[in-house]
């Protein structure tokens, strides 16, 4: 065979090989990828750890864009950062607010030097634990519908906002629902310890022992030893968490000051719009209306999201009632109702047609990102919160800068802005360049400053707050600083 013939034969074979081998490789890779995806889907359904880690990761990543703007809108978040510094520097326990939340405060003391981003990230991580653990509990009792329920919890506005701040609500929720998961796995000792840690983050978490115990009884029947271990370890762990509070304050750490009862309309807003957002309120209201219409028209409403034959409705009602009644006693912050949110989602899932429930969950989740307004759609609650945080960080820096321009022997009363100042003073008075920065003035300190011929300056909106706080008349004896009028802020 000539050289030309050999070259032609090799070229033909090479061309044939190229056309036959490459598609085979692609098909194999595609098959392997598809096979791996199917195995992963199966693992999500059958393996609790896979589901937990997946949901925790997705939830945590969803929080990351919002952790970089100070410690949060709530002044209590800044108070936590302040006491974290004190605990770390002195080794002595102090609380951010009564009765204290020692587990969270000590945890923040370990990382406070890293700044707000890491402290907020720690909260985001605990919110991820809460969402993933809640999904596992829903999976255990319903068998399905846990992903859509987890989505609703993760993106409920009040939950989302408090997942990216240095605050304790999500720490308590994470420990509590992780404890509930282990309780339903019949690991009552671990469940009691975890719920006790939730109590150490927020003392009101102790109320969850009732619906969680009822849920255990509904699944397993009455088991005295297991329930006793769960209850005793919850109370014992929670009590041990508050030993530092007792050592620092005695029984006085239970004292609290009531600021008066808000107007009924304010309470109603905090229990609805401030928790669920506008879309969320429309979703829940629409779900209830759709359910009523279906019942009146005789349309079947028994196609539920869950597969179990047992009903847990009354347990969810107990959980809702406990926190609703507690909130109505002191309705000062909508975040107090965060423990109620999972029970509302579970109640909707058990009473509504599954399609109605799914639509309601999606709308609740949307409320964090968009909301109806005059221009059809506006930015949702999480974006509003971020804008407010940015504006507040800037304004707190302006307060500090203005204070430096005042003459010696001056007082600047900052009210709720005091904890948010960059120096992290908490509510304590501090002096900077001869100027006292004060939270509020009581009658004694007011008389002392006047006797010392001090010039007293106020942020305008703080004057009526201080007057109500200590029943003082200040308008004619203090100077209102119009340059620091926080009513000009918008977000």
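Numbers below:
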{"quantity": "Global form of the range 229-277, assessed from the alpha-carbon gyration tensor, a/c cut-off 1.5", "calculated": "oblate"}
{"quantity": "Ranked list, fewest to most other Cβ atoms within 10 Å of each Cβ, for 396, 82, 326, 311", "calculated": "311, 326, 396, 82"}
{"quantity": "Taking 270, 223 and counting other C-beta atoms within 10 Å, the order from fewest to most", "calculated": "223, 270"}
{"quantity": "Bridge type composition, the range 386-488 - antiparallel percent by DSSP, nearest 5", "calculated": "25"}
{"quantity": "C-alpha long axis of helix 354-366 to longest principal axis of the chain, angle in °", "calculated": "50"}
{"quantity": "Residue 97 versus residue 248: modelled label distance in nm, points set 7 Å from Cα along the beta carbon direction", "calculated": "1.6"}
{"quantity": "Inter-label distance for residue 236 and residue 431, nm, one decimal - labels placed 7 Å from Cα along Cα-to-Cβ", "calculated": "5.1"}
{"quantity": "Segment residue 397-residue 219, extension gain: residue separation times 0.36 nm, minus the distance between their alpha carbons", "calculated": "58.6 nm"}
{"quantity": "Estimated distance in nm for a label pair at residue 294 and residue 64, the labels positioned 7 Å out from Cα along Cα-to-Cβ", "calculated": "3.9"}
{"quantity": "Net length gained if the chain between residue 314 and residue 487 were fully extended (0.36 nm per residue, minus Cα distance)", "calculated": "57.8 nm"}
{"quantity": "Inter-centroid distance (Cα atoms) of the range 336-393 relative to the range 91-128, Å", "calculated": "26"}
{"quantity": "Principal-axis tilt of helix 313-329 within the chain, Cα atoms, nearest 10 degrees", "calculated": "20"}
{"quantity": "Label point at residue 40 placed 7 Å out along Cα→Cβ; residues across the range 54-84 whose backbone nitrogen lies under 15 Å", "calculated": "54-59"}
{"quantity": "Contour minus Cα-Cα distance for residue 447 and residue 325 (0.36 nm per residue)", "calculated": "39.8 nm"}
{"quantity": "Helix axis angle, 209-220 relative to the chain longest principal axis, alpha carbon, degrees", "calculated": "20"}
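Here, each number is a calculation from the coordinates, and none is a lab measurement. Please read these numbers as outputs of a predicted model, since none were measured by experiment. In this analysis, Cβ positions are derived from the backbone assuming ideal geometry, glycine residues included, and neighbour counts consider all displayed protein chains.
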